[in-house]
Amino acid sequence: MESVIERIQKMEQIFDTLTLIVNDPSWRISGKTEAIQMMDDLLAYYESGLWLKDYEMDEKGLIPNSVKRGVLSEDGVYNLINEYQNYFLEKEL
């Protein structure tokens, strides 16, 4: 079973990669297929309750400071989802 730290690190990697994809025009073209799967994974994490559990653990100081955790930023995830939808879904229409 995946530990909390491993889950946060996995989601952080997805968060970082998606951030690159939506902000860099060269990735937007070549990374679309990859981005769709990663966004599905990030949304599943965010909507499953695991994100909230990890967020609350972080707020209580239970996640070591050495763990990179931008994915636990409320605004960061929300903004990334919106940027993704604005770019990729507009292109679908």
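The values are calculated or read from the model by the stated rules, or taken from the named source; none is laboratory data. The model shown is predicted, which means the values in this text are computed figures rather than measured ones. Using ideal geometry, Cβ is built from the backbone for each residue, glycine included, and neighbour counts are taken over all protein chains shown. The protein model used for the area step is the full one, side chains on, heavy atoms only, and it has no ligands, DNA or RNA in it. Shrake-Rupley method; radii C 1.70, N 1.55, O 1.52, S 1.80 Å.
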In segment 69-87, is there at least one residue being under 17 Å from Ile21 (Cβ atoms) and among the acidic types (Asp, Glu)? yes
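With segment 13-93 as the region, which helices (runs of 4 or more DSSP H) entirely inside it contain at least 1 residues that are farther than 26 Å from Ser3 by Cα, at pLDDT below 80 and open to solvent by 50 Å² or more (accessible area, probe 1.4 Å)? Break it down into steps so the answer makes sense when it comes.
On the way: elements: 25-30, 32-48, 50-59, 74-84.
Qualifying helices (runs of 4 or more DSSP H): 25-30, 32-48.
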